[in-house]
Amino acid sequence: MVDLARAVHDTAADPAEIYRVRELNFAREDIKVYLTEGYLIFSKPIDGRRVWVAFSSDVEGGDAEVIVLPPTRSERASLAGFIQSPNLDEHIRSAFMVFTDGTADQLLEQIQKDGTGRKALELGPAKAAEWSAVATNIATSMQLRLVEDILSPIGEGSLAFLALSGKTLGNFDIIMDGREENQITARRRAERDGKLGYELWTSFPARSVRNGRASVADGGFSLASYKIDASLDAVLRITANTKIAVKVGAKPRRVFSFSIAKAMQIRSAKIDGQPAELLLGESMRSRIAGAGDEQPVLVVATSTMEANSVHEFEFEHEGNVITSAGNGVFFVNARGSWYPHIALGVTAFDLRFRYPKRLTLVTAGDPVEDTVDGDWRVTRRRISVPIASAGFNLGDYEKTSASAAGMTIDVYGNRTVEDSLRPRMVFVPTPPPVPPMARPRGRGMGETMEGTVTMIPIAPDPLRRLKAVAADMTSSMEYYAGMFGPPAIKHVTVAPIPGSFGQGFPGLVYMSTFAYMDPQDRPAALRNARERIFYSDLIVPHEAAHQWWGAVVTIERSADAWLLEGLANYSALMWIEKKKGVKEMQLILDGYRSELLDDTTGKGAADSAGPIVWGDRLTAAENPDAWRAITYAKGSWILHMLRKRMGDERFISMLAELRKRYEFKVLTTEAFRALAVEFRPKGLPAESIEAFFDNWVYSTGVPALKVKSSIKPGAAAFAVTGMLEQSGVDEDFSVDVPIDVQIGRGPAQTIWVRSSAGEVPFSATFKQAPSKVGLSYDILAK
């Protein structure tokens, strides 16, 4: 493998394979390339295949054209926002094109077969030198990916990477990557906030995936179980031995791709006890999909392994993923990537930790071992149900426990606060002792009190709400168990983490330290009504809900991440509704509406950044709050509106079925839409649910809605007539809008009206006189 990696690094153009081409055209999925007139030079073969070609239109009449037509309204709008056109149709000066699917060899064969090109050997040396320098720069940054594809079965996760120089758009990339959830991407290198990154013009599934003829490549293997033995030394550096049971997929293979946190270093790897080759890289995705917090690792077996065979992979790795927040409080980084892992699938874990006994280490699973050996403590836990990832936490903790509905909840809190929350010091003047029988005297202007100055610490108590956190965690999980069925792991541990966030792992919840503090003790920026509700009321039941939405039901694509976060957040809202009433829930939803619509940054309302299924792509939006607002706020509103259309009984039944049907399975947005159609109430057509998802989930826009109405008494009934006006969204935005009719003191009756551009009439009759007709609260609207 080292020789292959070196060959990729040293790749060069082949001066003997340069052609003057004319009308040489090819297509890869939704990408169409027309090489009208110019020079085409091929790379030298690597392991028997050519992996890149370069094109130049530097001839009289030279030209080439590339076309990409996004398939959805939101993607066309995204592309238009960058290049002022909903379709990409660009004439290009030059192109450097990397292929791992055999395209380069196919083009060479086509030229030789049908005469679309003739050799131009006189230009070979000059063009070879020119393009070899480009190849070294680009191919080196994709080294691991090229090695992986060359060693993988033909066609598995194939790549087409086109670095183009456009005549009007300048330099940009078009990518078709069979290993990505959105295989087709167009982007341009750009600087943002002083950092180089990418403008992501458009990204969508390839045609073959959209029509069901193909699926995203899964890496060709799966994981059956983990056994990790980790030691934390006195400064909390981790040294670990990780054994993984790996099952080869349907095709024989030799190369296996893992990821691990950049803070960790893999020292060695074995397969079935025998040393295996390791290839480490800066990032196989850095040139293709951008760099992240993880690094890739390729493991290559000495020989090809049979399909469906099972093998033990063993890694020795070490690093620093624990940082001190000061004052005896610690922060665990890389919570799900401190060991070698893959992106897909769930598996069982056996975890053993050896660490300083002055600390408490917590992790998920059933207790197997808790012993003390001198200055060290050993904790071992076994997780028998399949989960996606396993984390741990540690600190100097105090603990409280509770149980309910067959579950045990252990909640830990730090005994001290991190440095950023250390006690403030105030100066208090203290008058000198007053002599016996002395009479007080008045002070004249300018006279100061004499005495000493005392420094009094005002310390926030990191355990003040420990029991409140435990009570909310217990009661919310009991509530969810009653609606959705029992959680996968019935022993759940909660422990604090410095910062303003929480994270729910299966059986282990990282809880923001602010949730443990009284509102008045939190930093001033977190004392407004919104933050008070979040840290005192919402964060605990939200993370509790991830024991269902994330631990039991899982996802594989960032496009579906909104489902887990939306379901967890809306489950928390339902619990708050039960605990504190409808008005408290409506208050939170009102805040979410403001988050989505307000343009406080001057970079556009958050909702306009993109549809909720864009997932991580929303983090690149101009509005820095877009991802959070759309994922959590709009996700909650989508589920709330769906609940109101279905009714409480059917909505809750749907969620219970969701948990049952997708236990330890992968949920997608389309599967969730199908389930909503299945559980829709009688009389609600499937087209209504389809339109709901098309407009609220797959598109952007929050409509401005107005209702005009009149009430006319009749001989036996009262007639309500009116107009529903919609504006502020695309003309094809159309959803069922609830209009409430209040009669007496009973609950409002709802008229459902399908909106469209402009005004839509509606009418209904009632036996009693309505007192009020207006837009229902239960819809996200301006």
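The values are calculated or read from the model by the stated rules, or taken from the named source; none is laboratory data. Here the structure is a predicted model, which is why all the values come from computation and not from measurement. So basically every Cβ, Gly included, is an ideal-geometry build from the backbone, and we count neighbours across all protein chains shown. Accessible surface areas use protein heavy atoms only, side chains included; no ligands, DNA or RNA. Shrake-Rupley method; radii C 1.70, N 1.55, O 1.52, S 1.80 Å.
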Ranked highest first by average number of other Cβ atoms within 10 Å, how do 1-11, 343-353 line up? 343-353, 1-11
Taking all protein chains in place and a 1.4 Å probe, what share, in percent, of the accessible surface of the chain do carbon and sulfur account for? 51
Normalising by the residue count of the chain, find the relative contact order in percent from Cα pairs under 8 Å and 6+ residues apart. 7
What value, in deg cm²/dmol to 500, does the helix sum -39500 (n - 2.57) over DSSP H runs of n ≥ 4 give at 222 nm once divided by the residues of the chain? -7000 deg cm²/dmol
List the extent of the Cα atoms of region 71-160 along each of their three principal axes, largest first, rounded to whole Å. 46, 32, 30
Would you mind checking region 383-421 for residues with the amide N under 19 Å from a putative spin-label position 7 Å along Cα→C-beta of LYS579? 400-413
May I ask you to order 485-493, 701-709 by the average number of other C-beta atoms within 10 Å around their residues, highest value first? 485-493, 701-709
Using the Karplus equation 6.51 cos²θ - 1.76 cosθ + 1.60 (θ = phi - 60°), what ³J(HN,Hα) coupling, rounded to whole Hz, does each residue of region 254-270 give in order, writing x for Gly and Pro? 10, 10, 9, 9, 10, 10, 8, 4, 4, 6, 9, 10, 8, 8, 7, 9, 10
So what J values fall out for region 408-421 if you push phi through Karplus, 6.51 cos²θ - 1.76 cosθ + 1.60 with θ = phi - 60°, rounded to Hz, Gly and Pro as x? 10, 10, 9, 10, 10, x, 5, 7, 10, 9, 5, 4, 5, 10
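Take each complete run of DSSP H in the chain, measure how far its Cα atoms stretch along the helix's own axis, and keep only those covering 27 Å or more with mean Kyte-Doolittle hydropathy at least -1.0; list them.
561-580
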Could you give me the ³J(HN,Hα) list for region 502-511, computed from phi with Karplus coefficients 6.51, -1.76, 1.60 and θ = phi - 60°, whole Hz, x at Gly and Pro? x, 8, x, 8, x, x, 9, 10, 8, 10
Hey, can you grab everything whose amide H is under 5 Å from the amide H of ILE322? Only 5+ residues off in sequence or another chain; H modelled, so Pro and N-termini drop out. ASN333
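Considering only DSSP beta bridges with both partners in the chain, what is the antiparallel share in %, to the nearest 5?
Working: 176 of 194 bridges.
Around 90 percent antiparallel, to the nearest 5.
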Bin width 20 Å, origin at 0, all Cα-Cα pairs of the chain: what percent of pairs per bin? 14, 40, 32, 12, 2, 0
Dipole size in debye (nearest 20) for the chain around its Cα centre, Lys and Arg Cβ +1, Asp and Glu Cβ -1? 2200
Percent antiparallel among DSSP beta bridges confined to region 471-553, nearest 5, equals 35
Cα coordinate range in region 87-246, projected on the principal axes (Å, largest first): 65, 42, 38
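Applying 1/(1 + (r/R0)^6) with R0 = 41 Å to the Cβ-Cβ distance of LEU196 and ARG358, what FRET efficiency is obtained, to the nearest 0.05? Walk me through the numbers on the way to the answer.
Details: r = 44 Å, r/R0 = 1.07.
Between LEU196 and ARG358 the formula returns 0.40.
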Give the accessible surface of the chain per residue, rounded to a whole number of Å², with probe radius 1.4 Å and ligands, DNA and RNA excluded. 44
May I ask you to list the aspartates and glutamates whose Cα is less than 13 Å away from that of LYS399, ignoring any residue fewer than eight positions away on the same chain? ASP410
Please report the relative contact order for region 152-227, taking Cα pairs under 8 Å with a sequence separation of at least 6, and give it as a percent rounded to a whole number. 23
Using a cut-off of 25 Å between alpha-carbon atoms, which lysines can reach LYS712, once sequence neighbours fewer than 8 places away in the same chain are excluded? LYS767, LYS772
What lysines could a cross-link reach from LYS660, if we take a straight Cα to Cα line under 30 Å and drop same-chain neighbours fewer than 8 places away? LYS227, LYS247, LYS490, LYS578, LYS579, LYS580, LYS634, LYS644, LYS682
Burial-style ranking of 329-342, 581-594, average other-beta-carbon count within 10 Å with highest first, yields 329-342, 581-594
